[in-house]
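Following: one structure in structure tokens, then a few remarks.
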Amino acid sequence: MILAVDIGNTNTCFALFKGEECVGQWRLSTNRLRTADEFSLWLENFLLRQKVEASQIKQSIVATVV
């Protein structure tokens with residue numbers, strides 16, 4: 001699986017792909033004061049809701065305008 005992250009001025013968007021199929025997508029308000037631990041907990045929660053283990057993610061891509 002591939003985790004795609006788009007960090008924008010207003011929102012940070014996450015999408016999870018299995019091949020070409022998007023199997024989950026989530027949006028979080030962008031906040032420059034948010035810590036890596038906060039992002040990690042938030043993402044782990046959404047992965048659990050999709051019944052996806054973090055170990056299934058083999059690649060990631062990050063885009064940002066911030």
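The values are calculated or read from the model by the stated rules, or taken from the named source; none is laboratory data. All values reported here derive from a predicted model rather than from experimental measurement. Glycine gets a Cβ as well: all are built from the backbone with ideal geometry, and neighbour counts include every protein chain shown. The area values use the complete protein model at the heavy-atom level, side chains included, leaving out ligands, DNA and RNA. Shrake-Rupley method; radii C 1.70, N 1.55, O 1.52, S 1.80 Å.
What to note about this one:
- Averaging the sequence gap over all C-alpha pairs within less than 8 Å and six or more residues apart, then dividing by the number of residues, gives the chain a relative contact order of 43 percent.
- Our helix-only sum for the chain, with -39,500 (n - 2.57) per DSSP H run of n ≥ 4 divided by its residues, gives a mean residue ellipticity at 222 nm of -7000 deg cm²/dmol.
- The residues of the chain present an accessible area of 75 Å² per residue when probed at 1.4 Å with all protein chains retained.
- Just the protein heavy atoms count here, and of the accessible area of the chain at 1.4 Å, carbon and sulfur take up 52 percent.
- 0 to 90° range, to nearest 10: angle between helix 36-49 axis and the chain longest Cα axis: 40 degrees
- Antiparallel DSSP beta bridges within the chain, percent to nearest 5: 70 percent
- Residues of region 29-55 with amide N under 20 Å of the 7 Å Cα→Cβ point at Ile7: 29-47
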